[in-house]
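Have a look at the structure below, then the notes.
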Amino acid sequence: MFTGSSFRRALRVAIMSGLAIVMSPRPGSAQTAASNACLTCHATLSDARLSKPAALFSAPDIHRERGFACVDCHGGDPAAADKVRSHDAAHLFKGKPSGQAVIATCARCHSDTELIRRFAPRQRVDQAAEYATSIHGKQLAVGDTKVATCASCHGAHGIRLGTDAKSPVFPTNVAATCAA
């Protein structure tokens, strides 16, 4: 039989266990003990194109906070001990997506109703379809490579919720985001 304080402790443990399950990454993602190897290595690189994303992803980032890792978007093998193997095609390394690949990378999760409902029950899952009908999507479809994609507005790393005042898509920031 539970006393008042032991019941509250048991309830906290049950809630935290449930949150761990709900917040777990996409099934099949390459989550391993070595999943931070990408961040560890990239943070030490002198080329800002390679080190800055690691710094941004290590800062507040909704995907990292929900348990996703670099490999969930970029592929590769985070457990590999060497650069060549961690970035080889055999481990489905995709590198930095651009153009239509950005939309496909984001849509892989954001169009998956079951997955999104685990993290954000009210979030829409039709953004990729809506993007395709927008002026940006139509321009991308005809080959315009300088058109805005998901990462242009939301960022690629250091992504914040749209309700976060520091998010580039927070209502008071949208004009500046579009102007950029």
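The values are calculated or read from the model by the stated rules, or taken from the named source; none is laboratory data. For clarity, every value in this text was computed on a predicted model and none was experimentally measured. Cβ: placed from backbone, ideal geometry, glycine included. Neighbour counts: every protein chain shown.
All conditions but one from (1) modelled with pLDDT under 55; (2) assigned to a helix (DSSP H, G or I); (3) surrounded by 18 or more Cβ atoms within 10 Å (Cβ to Cβ) apply to Val102; the one that does not is (1). Checking Ala79, Ala54, Ala104, Ala120 one by one, the residue that is of a type in the set (A, V, I, L, M, F, W, C) and more than 29 Å from His136 (Cα to Cα) is Ala79 and no other. In the set (1) loosely packed, with under 10 Cβ neighbours inside 10 Å; (2) in contact (Cβ under 8 Å) with a residue 24 or more places away in the chain; (3) in contact with a Phe, Trp or Tyr (Cβ under 8 Å, 6 or more places away or on another chain), the condition left unmet by Thr163 is number (2).
Between Ala79, Ala129, Ala69, Ala55, which is aliphatic (A, V, I, L, M) and modelled with pLDDT of 95 or more?
Ala129
Across the range 66-93, the number of residues qualifying as over 15 Å from His157 (Cβ atoms) and not aliphatic (A, V, I, L, M) comes to 13. Sub-9 Å Cβ pairs linking a first residue in the range 50-74 that is more than 24 Å from Ala90 (Cα to Cα) to a second residue that is of a type in the set (S, T, N, Q) and not in a loop (DSSP other than H, G, I, E, B), at least 6 apart or interchain, are Arg64/Ser58, ordered by first then second residue.
Inside the range 168-180, residues that are polar (S, T, N, Q) and touching a Ser or Thr at 6+ places or on another chain (Cβ under 9 Å) make up a count of 2. Put simply, of Gly95, Gly155 the only residue that is at pLDDT below 95, touching a Leu at 6+ places or on another chain (Cβ under 9 Å) and either under 23 Å from Cys41 (Cβ atoms) or of a type in the set (Val, Ile, Thr) (or both) is Gly155.
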